[in-house]
Each structure stands twice: as structure tokens, then as C-alpha cells.
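One structure is given here, and the rest of the page talks about it.
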Ligand code: GLN
């Protein structure tokens, strides 16, 4: 066991580690494969956590464009992290902290700060051992107190950026008992023109892994269909693993079915055997079966929800999409999301909005598409269409009200129009003091007080809620009195910060300055989303009643 150079960490705390690497290309869903394995281990009674390693130089995901990397996920401690952490929180049902996302930026920044402070005085500071030690320390600390820690390395084996991390894993394996470490490599198994599964890319990628001293214990082949027995044998032979250690991960319509699929393949049993955990696992019949029950629950109805966004990339709104799904599970409803581009909404998509039973305007930054968002909100307000506005969507609902109800045509957020004569959304006071863009927003979990008897209180079943935030702007405090005209009220507040708005003249018009989607789980749908989907169902029922000739007669 190694001596940890920096902390009093007890290495016996984190017991078992599963390292997950990816080969051939990115975007194979290794995060979902890893999270699914974790879910099954947790069903079997183990305490499971995860670490996502991102080899980019950004300190965190907060400064990255969601168009390139997908959504920036926000943790309760305010960490702005890779969206895979969102999948881990949803699949494992645990809350993580920023320490569970290790980046090159974080590691190097820390090592360089220590160098400046003189902590390595007299030494040449190097990637090995100083950076690799720091990476190992971070992984061990994040795993402390758990039975199994799944460590997923972003990117593809062979990337220059990933090298220090893979070298750290090699050292890690060298330092721990064989039985405590497992390497899983997820690769692509493509088809040839004549429909044959090809293993060459996998062979090459494993060769690459071995050249840096890593031998995979398990191979997972991503393919449109299950791997043929011959394909598995071939991979086993060339990559030096038993045939039983080769698993397929084929395409499924819903990622929530991946745990069921890998369970059928026996991946969880194999992992437990290899890690010496089989004897401690709950007997099959006693394992937690809630996940299976939730994701296979019959659906009794279907609704169409328009998501009016800026990005044509669905990953940018992953948690919103998931939260809608969770509300669907709870209400036994298939929630179809209609992706409506706010940029084009004013022309060809207006009809699309009419097809929707409810509208969500999610968070965002920058001016592009705001006119379309405001139009979508006006449409909901005037036509009693259920509406949920999140962060920027909440702010735009305030702008829409100021413009179209109160008559301030020029009303806007200063983020989007610094010259507006009627600024209803202004910078948070503390933001005037900061120039840095990274990690400086109002972030993470904060408490909101909810007015009794409001829609929000009904939805939360409480007069307080704690939700995650990520914003730089807020409702201008000096406009609140004028904005609250009786129809619009701010029913959720954190002191003089407006957190929730609702309309008393509408069946379901709710906006939140926070992002409730980040706390939504398959077995615990987010209250504003659940309220929204229920309102959509109520509206549809009411419409059916009106359309029913017997009721009319
Ligand atoms: N751009 C807005 C702000 O900074 C909204 C942010 C968001 O939607 N996450 O306040």
C-alpha cells in the first residue's frame, strides 16, 4: 500500500476500484455502461460511487460550450461538471461533489500552486510522480468510505491528454491488490458491408492499452446488435481475456434499460466474482428491484412537450429531458419531447408549438433565440398552455410579462440588452465585483422560502425547497413591486432574491430561477416537473371532456 504524500487518508477506506477506459472512438456510452454496472452492484447491496476523469485543461466544465460537450451539470456543492456525473447521480441515486470530477486543469493547478508555495522545495516537479500522485490521491479520497468506486476516464485511449491519467491507473494497479482492481475497456464493434462483426478496431485499441502497461480484465463491445459468440471468442483470443469476460452492449431505445441488459449479459456477476465480492452480495431474490420496476412500468398515456432551446444538440438539455422522463415514470406517461429551435421558432416552428401539450423554456446564455423564447412564453400565457421556465426561461417569463402585460416594450435582461430602458433582470450585486468567468456564478444548492397556499407550495408539498443554481443575473429588486400585478407573483424567495414565479390567471405557469432538473431522479421526480406533467394531463382531460359529445349534451 502506498504512503499518501499529502493527507492522512486511510487507504483501506475505498475498497474496490473499477477503471473504465474507452477505445476506437468517443461517444460509445461508456459512462452509461459504467453507471449501469454501478446500479447493479448497488442493487446487490454495495455502496457504490463514481469518479469521472476528464483529461481536458479546463479546471471544470463551467466555461465550456454545451454545444461541444453537452450540458454543464451542477452538483449540490456548486461544482460545474461533466454531464456523465449527472448520469451517475441518476443511476446510483447518490449526490456527488466536485471532487468526483478530476480534470487535468484541476490537477496541474494544484501541483503548480504547491510548487510555488515551496512544498516540493529542492525537487524537480514532474508529471511522474507529482501529477500522477495527485491524481491517485484524488481518486482514493473520492472513493473513501465506499465498497466500489467506478473511475471512468474520458476520451479515447491513445489521446496525448489522457496519458498521465492512464499512467496513474497503471501505478494504482501496481500499488493495490489484484483482487481490488478491475479494468474494463469499452470499444466499438462495427459491421462490415456483408454484415460481419469486425474485431480489428478492438484489437488495435487493446494493443494501444497494453503498450502503456494496462491489460483489460473485461471488454465491452458496443454494437448495434449483440456480439456473436464467434466475435466474443475472437476478441478473447486476441485481447487475452476469458471469453466470459467479453460482453456486448447493444443499442437500446432508452438508456435506463442498459442496467437490465448488462444484467442479462451477466456483467455484474462477473465483476463481483473478479473483485471477490460475490460472497457479500445479497442473494438474487433479495436484491433491490426498484430500478426494474420503474423503467419497465406500463405507460397509460402519452404527451408532447415542446422544449424551446437554442442548441440543436439534445445533450445540451440532458437533465431537463431526464426530469421530464422521471415525471413520466411517476404519472405512467410517455413524455415525447419536441425539440423546437428558438431561433427558427418565429416562422416554421410556430406550428410545432401548437402540436405541443405543454412548453418548457430551459436555461441558457446569450441573446440568440431570445425573441423566440419570449414568443413561446406569450403563447403559453395567452392560451392557458402549461408552461415551465427554468433559469433563463424564468427570466424571459419576467421580460414577457413586463413587455406584453405591463406595456414596457423595451423591457429586457441587461445580459441580453445592456441598453434597455426597463431592465427587469439585472446582474446579481456580487457579480459587479468579479471579472473571472470560471466558477463565479451563483452556484449550487440554496434554500428558497415558498409562500403558503401558492402553486409552488402545492407542487413541493412544503413551504421550503433546496435546489441547485447556476446564474449571474436575477430579477431586479427595485422592479419587484411593479412586476407583481396580482396575476404574476413571486411565490418563492431567498431573502430579496426572486426564485419562483407563477401566474394566478393560468392553470400552470411556473418559472424557477434555479434548475430543479439537477435533483430529479427516476424514483423521485422533480416537483416542478411532476406538477407540470400532471397539469398537462389535467388540461388534456378537460379538453377531452369538452370534446365529448355526451358531456356537451
Ligand atoms: N444567463 C442567465 C444568468 O446568468 C441564465 C443562466 C441559466 O439559464 N443557467 O442568470
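Quick rundown of the values:
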read-out	value
For the range 487-541: span of alpha carbons on each principal axis (Å, largest first)	36, 29, 10
Förster-model FRET efficiency, 60 Å R0, residue 410 and residue 192, C-beta, rounded to 0.05	0.45
Kirkwood Rh in Å, taken over the range 418-494 so that all alpha-carbon pairs contribute	14.3 Å
Fewest-first ranking of 73, 432, using other Cβ atoms within 10 Å as the exposure measure	432, 73
Nearest 10 degrees, 0 to 90: helix 527-547 Cα axis against the chain principal axis	50 degrees
Cα radius of gyration and Dmax for the range 252-310 (Å)	16.7, 51
Kirkwood Rh and Cα Rg combined as Rg over Rh, evaluated for the range 204-276	0.98
Over the chain: helical MRE at 222 nm, DSSP H runs n ≥ 4 each giving -39500 (n - 2.57), nearest 500	-10000 deg cm²/dmol
Mean projected area (nm²) of the alpha-carbon convex hull when the range 420-553 is viewed from all directions	11.5 nm²
Centre separation in Å (Cα based) which lies between the range 477-553 and the range 282-318	22 Å
Computed over the range 69-130, the ratio Rg/Rh where both radii use C-alpha atoms and Rh is Kirkwood	1.14
Share, in percent, of DSSP beta bridges within the chain that are antiparallel, nearest 5	35 percent
C-alpha center-to-center spacing [the range 401-472, the range 176-255] in angstrom	48 Å
Gyration tensor (alpha-carbon) shape descriptor, the range 341-462, a/c threshold 1.5	oblate
Residue exposure sequence - 91, 365 - by fewest surrounding Cβ within 10 Å	365, 91
Degrees between helix 229-239 axis and first principal axis of the chain (Cα, 0 to 90, nearest 10)	60 degrees
Degrees, to the nearest 10: 318-331 long Cα axis against longest axis of the chain	80 degrees
Where a label projected 7 Å from the Cα of residue 332 along Cα→Cβ would reach, residues of the range 506-546 with amide N under 16 Å	534, 537-538, 541
Translational diffusion of the range 1-153, µm² s⁻¹ [Kirkwood Rh, Cα pairs; Stokes-Einstein; 4 °C; 1.567 mPa s]	79 µm²/s
Ordering of 168-178, 80-90, 151-161 by burial proxy (mean other Cβ atoms within 10 Å per residue, highest first)	80-90, 151-161, 168-178
Cα centroid separation - the range 29-57 against the range 132-155, whole Å	11 Å
Equivalent ellipsoid, the chain (semi-axes from 5 times Cα gyration tensor eigenvalues, Å)	44, 29, 21
Protection proxy ranking of 435-444, 401-410 - average other beta-carbon atoms within 10 Å, highest first	401-410, 435-444
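Every number in this text was worked out from the coordinates using simple rules, so none of it is lab data. Keep in mind the model is a prediction, meaning the values are calculated, not measured. Backbone-built Cβ (ideal geometry, glycine too); neighbour counts: all protein chains shown.
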